[in-house]
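To keep things clear, I will list the structure first and then write my remarks on it.
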Amino acid sequence: MSRNVAQLFVDTLVDAGVSRVWGLPGDSLNAFGEAMRRDGRLEWIHVRHEEVAAFAAGADAAVTGGLAVAVGSCGPGNLHFINGLYDAHRNRTPVLAIASHIPLEQIGSGYFQETHPQDLFRECSVYSELVSDASQLPWVLETAMRAAVENDDVAVVVVPGDVFYADAPDRRPSAPIRRSRPVVVPSEDELRRAAELLDGADRVTILAGAGAAGAHDEVVALAERLQAPVVHALRGKEHLEHDNPYDVGMTGLIGFASGYRAMLRADALLVLGSDFPYRQFYPEDARIIQVDLRGERLGRRTPIDLGLVGDVGPTATALARHLRARTDGDHLEDSLRHYRRTRKELDALADDDGKAPIHPQYLTRLVSDRAKDDAVFTADVGSPTVWAARYLRMTRDRRLLGSFNHGSMANALPQALGAQAEDRDRQVISLSGDGGLAMLMGDLITAVQNHLPVKVVVYDNASLNFVELEMKAAGLPTYATSLENPDFAAVARAMGMTGIRVEDPADLPDAVDRLLAADGPALLDVVCAREELALPPAIEAAQAKGFALWALRTVMSGRGDELLDLADTNLWRRLTSRGGAIPAR
């Protein structure tokens, strides 16, 4: 019996192991939706905004390791994908976006809702193509899906609504689309050259990123042989921080002083699977060896002395065989001592001082301590990412997702939805900023409607907090960053969720326990300190000058109370956390 193009799409997705699609229905998707309804093998997870569908699909792919699918109707519908698809593209997660289009005969006429999605999505995808005739299928669809899974990237197929109704071509089935698993290791000659550079150095430091996923044990073994401290980039935290006696924290704008120092003092830096973008945090005089599966990334952040193309795990194992075992661990021990001191100071700032408003460090540590060992965390861009990077404790089975490369607001809730769909029994926790949550707050209903038991923690500081810090560092008075927030817990309850609000730090431990024990989706609205400083590990002269200028301009503009709030939130706590006495107030 003949089948139409819409049914061909459904059959091909199911054969590839896809079990759900994310999106909103629309008239140009009617044939696809009807094919799904009649077939029954795919779940349609109905979201309230297509941007959420794209973000959720990216997180879905990140958690499962397989292809995820977002669908959007013509014109404005699929254009809402753009931010979430950019995030998936930059996080390198395999997402297929099915973008329906206006009727084929109307393309080019300026028809209602006409766009050119195959062109619009080209920059954020590895493949983007318009199906203008049913005979192009299943070739275009399979090519798109293979491009997505083999490149860990976004692929877009644009289909006019009327083409979905057309009869599908008759072609024998092709092999199901699954990602191939080649193992890439540099040549023996390249490995020997790398070993010579590392053996000739006195102080080796390893910087590892998301490319080290699945290579934890191999990187730790290599660190032992090199007696090298391991610094992780933000996306490397979930893969390398746990069970790692050589870990000395994170570097970068929101990292640890110990991670920055371990890199700065190295005379050889071994970069494993990291595309860490901030050039000012790389050492200037060290020899640098970079290993990455994608050769185009080699040397694009800092000059390198040797670039190796390979998988991090097998390459680390192969490289170790060429290295002499070190006995001098002075650089490692010095870095570990500095890390322990840095960690102690950071942990002291997460202690409950009994004062309201609640400090976000304390909130994050409570959530981390009470969460399950296989929890999935998502973090909004801005201050929630800072506190997640510094205070979430990772285990072998915990995950941390965020918009760490694209840097989009409002990512945490949609990504939590995407992570939860694969396993509704797994604990998924969204660390949401108040600005980020408000941007896509309507999709709290998606959690309720689709029975996704996500737990949402809101850092309610009534501001675009990280933006304010950037203004202060630039010497500018804060402007247009205040937020007049609702009671987010009341909003959650109105949407059918458990809603809890906390203003007193004494109530917070019990509230966190209630949140995590709630049956179904739940939200915890925590009124947090607005003026909490999230300082980078190295303060540049321009930043110090900027803070001084901010203080002066703030007083001159009649807002000196902000300085008092800043001192009250930070100075007194830092004095007491280091054993100092509190001056008379």
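Tabulated values for the structure
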{"read-out": "Relative contact order of segment 5-165, defined on C-alpha pairs under 8 angstrom at six or more residues apart (%)", "value": "25"}
{"read-out": "Residue order, fewest to most surrounding Cβ atoms within 10 angstrom, among 44, 139, 22", "value": "139, 44, 22"}
{"read-out": "Fraction of beta bridges assigned by DSSP in the chain that are antiparallel (%, nearest 5)", "value": "5"}
{"read-out": "Amide H partners (placed H, <5 Å) of residue 154, local residues excluded", "value": "95, 126"}
{"read-out": "Percent RCO, i.e. relative contact order, over the chain, from Cα pairs under 8 Å lying at least 6 residues apart", "value": "12"}
{"read-out": "Cα principal axis extents for segment 5-165, largest first, Å", "value": "40, 33, 31"}
{"read-out": "Neighbourhood charge, 11 Å Cβ-Cβ cut-off, centred on residue 481 and excluding it, Lys, Arg +1 and Asp, Glu -1", "value": "0"}
{"read-out": "Antiparallel bridge percentage (DSSP; both residues within segment 357-507; nearest 5)", "value": "5"}
{"read-out": "Relative exposure of 396, 287, 493, judged by other C-beta atoms within 10 Å (fewest first)", "value": "396, 493, 287"}
{"read-out": "Relative packing of 460-466, 432-438, which averages over residues the other C-beta atoms within 10 Å, highest first", "value": "432-438, 460-466"}
{"read-out": "Two-site FRET efficiency, residue 37 against residue 278, from Cβ-Cβ distance with R₀ of 60 Å, rounded to 0.05", "value": "0.80"}
{"read-out": "By average C-beta atoms within 10 angstrom, highest first, the peptides 397-410, 494-507", "value": "397-410, 494-507"}
{"read-out": "Listed peptides 74-87, 57-70 by packing density, highest first (mean Cβ within 10 Å)", "value": "57-70, 74-87"}
{"read-out": "Semi-axes of the equivalent ellipsoid for the chain, Cα gyration tensor, largest first, Å", "value": "41, 33, 21"}
{"read-out": "From phi via Karplus (6.51, -1.76, 1.60), per-residue ³J(HN,Hα) for segment 168-174 in Hz, x at Gly/Pro", "value": "6, x, 8, 9, 5, x, 9"}
{"read-out": "Likely footprinting exposure, 73, 335, 187, fewest C-beta neighbours within 10 Å first", "value": "187, 73, 335"}
{"read-out": "Per-pair calculated FRET efficiency, R0 = 30 Å: residue 122 and residue 184 via Cβ, rounded to 0.05", "value": "0.65"}
{"read-out": "Average Cα contact separation per residue, segment 188-334, under 8 Å, 6 or more apart, as relative contact order %", "value": "29"}
{"read-out": "Theoretical FRET efficiency, 1/(1+(r/R0)^6), r = Cβ-Cβ of residue 139 and residue 106, R0 25 Å, to 0.05", "value": "0.55"}
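Values in this text are rule-based calculations from the coordinates and carry no lab data. Predicted model only: the values in this text are computed from it and were never measured. Positions of Cβ are generated from backbone atoms using ideal geometry, with glycine treated the same way; all protein chains shown enter the neighbour counts.
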